[in-house]
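**Q** Right, I'll just put the structure down here and ask away after.
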Amino acid sequence: MSQEQSQPFHIERAVSSDYSVICRLITEEHAMHVTARPDIFQPCGTLLTKDEYEAMQKDDTYFLYMARTSGGETAGLCFAKLTETASPLLCKKKFLYIEDFIVSEPFRRRGIGRMLYTKIKEAAVLSGAEGAELTVWNFNESAAAFYRALGMKVQFVHMEDNF
């Protein structure tokens, strides 16, 4: 039996038929943000339109991957965009910006996040990326700990003072 066949999960590119499950996952993620920071995030309807999703699929700078069980159930997703620094103040750098990284609650702590990150990193390196970046909110301590475990480091701290 091959290593991939013995794995209970696999990573594959997202396809058009994934749209509804993707919407469910990003809606769950957004709800967590609304609960944690209702002063910043608010409930909203459609977070990703079908047209936006289809445009992302056609754009070679987007990397859209799904984690699935051997039975085909979606366990997580990672959406990232290959980008370059645009400011004359910053050194030129090609990097992968991870826009969404979600592992469904029942599937956490089973290696799926690491599998997703490994796949997205491999694709990014093949495309010439020098690194990966993402934003994680301070309230999401488990996500921050996971990203540190992957080897990521804090790049800067964004602070606020509400009046």
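**Q** Just one of (1) over 13 Å from the mean Cα position of the chain (by Cα); (2) under 20 Å from VAL125 (Cα atoms); (3) not in a helix (DSSP H, G or I) trips up LEU48, so point out which.
**A** Single failed check for LEU48: (2).
**Q** Another question about this same structure. Which numbered condition in (1) open to solvent by 60 Å² or more (accessible area, probe 1.4 Å); (2) assigned to a loop (DSSP other than H, G, I, E, B); (3) more than 25 Å from SER142 (Cα to Cα) is the only one that ILE40 fails?
**A** (3)
**Q** If we keep just the residues of the range 84-127 that are under 22 Å from ALA67 (Cα atoms) and polar (S, T, N, Q), which is modelled with the lowest pLDDT?
**A** This residue is SER104.
**Q** Can you report the number of residues in the range 116-132 which are open to solvent by 20 Å² or more (accessible area, probe 1.4 Å), under 21 Å from ALA149 (Cβ atoms) and assigned to a helix (DSSP H, G or I)?
**A** Count: 6.
Residues are listed down the side, and each one gets a yes or a no for (1) exposed (fewer than 14 other Cβ atoms within 10 Å of the Cβ); (2) polar (S, T, N, Q); (3) under 30 Å from GLU130 (Cα atoms):
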site: GLU28; (1), (2), (3): yes, no, no
site: THR35; (1), (2), (3): yes, yes, no
site: LYS50; (1), (2), (3): yes, no, no
site: GLN57; (1), (2), (3): no, yes, yes
site: ASP60; (1), (2), (3): yes, no, yes
site: LYS93; (1), (2), (3): yes, no, yes
site: SER104; (1), (2), (3): no, yes, yes
site: ARG109; (1), (2), (3): yes, no, yes
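The values are calculated or read from the model by the stated rules, or taken from the named source; none is laboratory data. The structure presented is a predicted model; accordingly, all values stated were derived computationally and were not measured. Glycine also receives a Cβ, built like all others from the backbone with ideal geometry; neighbour counts cover every protein chain displayed. For accessibility, only protein heavy atoms count, side chains too; no ligands or nucleic acids. Shrake-Rupley method; radii C 1.70, N 1.55, O 1.52, S 1.80 Å.
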